[in-house]
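Just so it is clear, none of the values below were taken in a lab; they were calculated from the coordinates. In this text the structure is predicted, and so the values were computed from the model without any measurement. Cβ coordinates were reconstructed from backbone atoms using ideal geometry, including for glycine residues, and neighbour counts include every protein chain displayed.
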Amino acid sequence: RIAPVFEERLKEMGQWLGVNGEAIYESIPWSHQNDTTTPDVWYTAKKTAQGTAVYAIVLTWPKANQLVLGAPSTSTTTVVSMLGYPSNFSWKPNPGGGMTVQIPVIPFDQIPSQDAWVFKIQGLKN
């Protein structure tokens, strides 16, 4: 028998993977393991028919709803979304490299995860 506290943790992990498993299952290490600008951001990647998708796994919700990333090298075709959320996010390149993702105000009950969030970035140069 599994203790209730461990059963609850396993259920929460299963729920998180149900939303964000794309960034975990069949993923590969990206050229950057973690972000140089923002702590608590870790990267994975996956080869797709459209190119490489990079996943930024964010362990701390960004301040002022702006996610500043130093590792990605953007292009004119870069698209950013959050797994489990229906819309793409706007972003801008940072002057010294990297990018800033503008996260819209999302009602608490519509945020797809509560413990860690995964941003899918497509169309990068690196």
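Can you give me the relative contact order of region 66-106 as a percent, contacts being Cα pairs under 8 Å and 6 or more apart?
With pairs under 8 Å counted, the relative contact order is 48 percent.
Which lysines, on any chain, are close to Lys46 with Cα under 16 Å apart, when same-chain ones fewer than 8 places away are left out?
Partners within reach: Lys120, Lys125.
Say each of Ser75 and Phe108 gets a label point 7 Å from the Cα, pointing the same way as Cα to Cβ; how far apart are those two points in nm?
It works out to 4.1 nm between the two label points.
If r is the Cβ-Cβ distance from Lys47 to Val19 and R0 is 25 Å, what FRET efficiency results, to the nearest 0.05?
0.70
How high is the relative contact order of region 4-122, in percent, with contacts defined as C-alpha pairs under 8 Å that are six or more residues apart?
26
Taking 0.36 nm per residue of separation and subtracting the Cα-Cα distance, what length does fully extending Val68 through Asp115 add?
The span from Val68 to Asp115 would gain 15.0 nm if fully extended.
Grab the alpha carbons of the chain, take their convex hull, and tell me the volume per residue in Å³.
126
Determine the calculated [θ] at 222 nm for the chain from helices alone, applying -39500 (n - 2.57) to every DSSP H run no shorter than 4 residues and normalising by the residue count; nearest 500 deg cm²/dmol.
-4500 deg cm²/dmol
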